[in-house]
Amino acid sequence: MDRDNTLWVGNARAGGLSRYEPSTDTFTNYWHDPDIPDSIMFSSLETVLEYDDMLLLGTANGLDTFNKTTGKATHLFHAFGAKDSLEGRSVRMLFQDTAGTLWVGTRTSGVYRYRRHGRTFERMALDEKIALLDVSSMLEDRQRHLWFGTANGLVRLNTVSGDVFNYYESDGLAGNNHYRNAAWIDQQGILYFGSIGGVTRIDPTKLKKPSDSAKVVINGFRINNQEVAINDGKSPLKVSIAKTEQLALNHHHSMVTFEFTLLSFNSSDKNEFAYTLEGFDEGWNEVGTQNNATYTNIDPGDYVFKVRAKNSRGVWGQGHTSLAVRVSPPPWATGWAYAFYTLLVLLLVGWWVKYEKKKLELEQEKSINTELLRLDKVKDSFLSCTSHELRTPLMGIVGIAEMMMEERHQRDEGLQDNLALIASSGRRLSNLINDILDYAKMVDGSLEIMQAPTNLGELIDLVFYLLGPLAEPKNIKCIKTLDEHCHYAYADEARVQQILLNLIGNAIKYSDGGQIKVVVEPADDAFIQITVEDTGIGIAPSEHSSIFESFRQVTHLTQDSVTGDNVTRDNGGGTGLGLSITKQLIELHQGAIWLESALGEGSKFIFTLPLLANDSAAHTHSYPTAHHEDSHIQSGAPSDNNGQPARATILIVDDHPVNRVFVGRTLNDEGYNVIECDNGLCAIEKVKSAKQKIDLIISDVSMPKMGGYQMCAELRPDYDFLDLPIIFLSANKTDETLHQCMDVGGNDYLEKPVSKTELLMKVSFYLKLSAYVKQRA
Ligand code: ADP
């Protein structure tokens, strides 16, 4: 019935289209006539729909529009198979929805939407299996969904989103195979579909989801094949895996397994699954009925695990279930860690640059230091070589000056004074050279001592004697007090003499009269304490701690006798080395030195030396000087020639004529016979020629042709050291040369510049000793 209340009937089986004429109660029929082009296309009609002011005729051979007034048909859609046209010829259903859209259901090619403006047909994306089935009915529900009855279930189409859901008998339909046009929607919007199995009543508002879209549920989760407990502290699951929306994993979770199942009334073990881990897999993994997915070693990052299922009828579900998965990096691969590494690398690079710079600086410093040390050594060796070279000529000058002073016929006072000046300047220079040599040894640690029993009383007397010329003009009284248990120290005799010379020399230098007292007393069971006390100018306490440092000199002020002003006192040309060498020498003996003094109250230098355990062992080294308990020194040489063989003959061997002259005259003056040689060979000849008996030899060490040591070694087999005492002279007195001297059989050693007194003392001593032994033999 059209809107003009005209009844139209479409007849199947070649019956054509009929219009009922109520006035005559007859039908006007329209058939297909091959000779008339605008007759209807096919006489067997499937469906008729009023469309605007026309009729649409669906036939088994195509779709016609039919003009109700003229009775002429237009074959609307000839181009079957062309783009945007109907593919199947057999139009089974025509339906216009509430929005006015025309829907065309075909027998074999699904459902089309007609777009009026473009006059095109759009094929709806239905499931292939359904789409190919005969569309037997169409309805629109209140939610504007279209429903199609088919030979295999119902199809619901969301005309806006294009979502399609299929419903089957398994979802509760009365039957799958629906009858043509057996579909109805009632006033309440309830749908009715007739099928071979009966009528299905559907309330779209209460409709459950169809089974094909039944939910796949992730219902199990294992890590390293172990079931994961919920919320046990370490577990990544806070709630069950099914309710988990985001799963947080870390690098310890190297193998994870998801288990899943299909929630459906008709689910069975024939359900098949497909899953994917977005971000890890390239596409879906179709794994058949396997209901789990295992992943190993997933890199840190964000992923989505998706799973979908195919039901037992082989239909894939409409959607999928998904689970967000985040794999956090291990602590050492986090952003913070990388920031830390970067910082570390920067720090290391910074440190390395600094280290290299420092290394370079150190290397430069080291090479400068090495160069400085080398230069220092060069300087030291230059100093000591030069000093050695200076000593020999100096000895000559001092010796000759002394000798000329001693000459009996020399009575010119002016000359005497000048000679005394030369001698004392020479001695000062010689002491300075000795100090410089000792300082050089002290610096390189080669200062050594040779300890032997040392008679302290005699040594003090000798020093008093040597310093007499300095003390006498100042009227200084020198006093020695010796405890009877302290005659001998176990010390290096020459070095103790040097210590005493320094301390007593200073005491004289810094006193203007008064007295100098040397007290020797026991310090304890093992040490002797020697005090050198003067009544001189004294030393301020502030200077005490530094006075033993090298090159340290105190500035003493004194009153000018004429003007009465304060002037700086002359320190006698000292270098400030004496006390530091003295301290070092005492410490080499395991002793100590200290000072008690105050300005204007004199000074007391106190030092200790090891005590010789058994005094009697010491007599071999005693000097033939008189022993005084409280003695005052006398100036002048001890002229002790009594009791000796008359005019003993002494051979002087030295390549320097100056030295031969000095020593020779000194001995001559004392009444000795002197003969001379300038090398060792000559000396041996002289001794062996037996023209004249030689009683003693005084020899230099190094000489051309033959040196002193070789000469001594060659003589010793025939002349032992009491028969023929040999005394060596050398500018270079070291422990080594002393050893060499003793090794070749020398009796003694005198250091250049030779002190006249010492020379005479030693000569006298050895001659007496040799005479004494001969007497007793
Ligand atoms: P120097 O060669 O200058 O005498 P020393 O090392 O022997 O060097 O002495 C260092 C300084 O100590 C001297 O310059 C002097 O000022 C002071 N000194 C040493 N002994 C005495 C003393 N008995 N009385 C006063 N001052 C002294």
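List of remarks:
- Were the residues from LEU769 through VAL345 laid out at 0.36 nm apart, the gain over their Cα-Cα distance would be 144.0 nm.
- Quotient of the Cα radius of gyration of the range 464-610 and 2.2 N^0.38 Å, N being its number of residues: 1.05.
- Each principal axis of the Cα cloud of the range 509-554 was evaluated for its coordinate range; sorted largest first, these ranges are 35, 27, 17 Å.
- Over the chain: helical MRE at 222 nm, DSSP H runs n ≥ 4 each giving -39500 (n - 2.57), nearest 500: -9500 deg cm²/dmol
- Cα convex hull of the range 272-418 - mean projected area over all directions, nm²: 19.5
- Here's the picture: charge each Lys and Arg Cβ at +1 and each Asp and Glu Cβ at -1 in the chain, and of LEU651, GLY600, PHE340 the one pushed furthest to the positive end of that dipole is PHE340.
- Distant alpha-carbon pairs in the chain (separation over 53 angstrom), percent: 55
- Lacking any other cysteine beta-carbon closer than 4.7 Å, the following Cys residues of the chain have no compatible partner: CYS385, CYS478, CYS486, CYS712, CYS741.
- Given charges at beta-carbon only (K, R positive; D, E negative), |dipole| of the chain in Debye: 4020
- Cα-Cα over 26 Å, subset of LYS509/LYS604; LYS480/LYS756; LYS477/LYS752; LYS477/LYS768: LYS477/LYS752; LYS477/LYS768
- Summing charges over all other residues whose Cβ lies under 9 Å from the Cβ of SER39, with Lys and Arg as +1 and Asp and Glu as -1, gives -2.
- Relative to the current alpha-carbon distance between SER702 and SER424, full extension at 0.36 nm per residue lengthens the span by 97.3 nm.
- Inter-part distance where the range 9-32 and the range 742-777 are each reduced to a Cα centre, Å: 175
- When the convex hull of its Cα atoms is viewed from all sides, the range 144-186 shows a mean projected area of 3.4 nm².
- Here the peptides 591-602, 719-730 are ranked by packing, the mean other Cβ count within 10 Å, and the order with the highest first is 719-730, 591-602.
- Reachable lysines, given that their alpha-carbon falls under 21 Å from the alpha-carbon of LYS234 and they are not under 8 places away in the same chain: LYS243
- For GLU587, net neighbour charge (Lys/Arg +1, Asp/Glu -1) across residues whose Cβ lies under 15 Å away: -1
- Dividing the Cα radius of gyration of the range 477-531 by its Kirkwood radius returns 1.00 for Rg/Rh.
Throughout, read-outs are computed from the coordinates displayed, never taken from laboratory work. All figures in this text were calculated on a predicted structure; none of them were measured in a lab. Cβ: placed from backbone, ideal geometry, glycine included. Neighbour counts: every protein chain shown.
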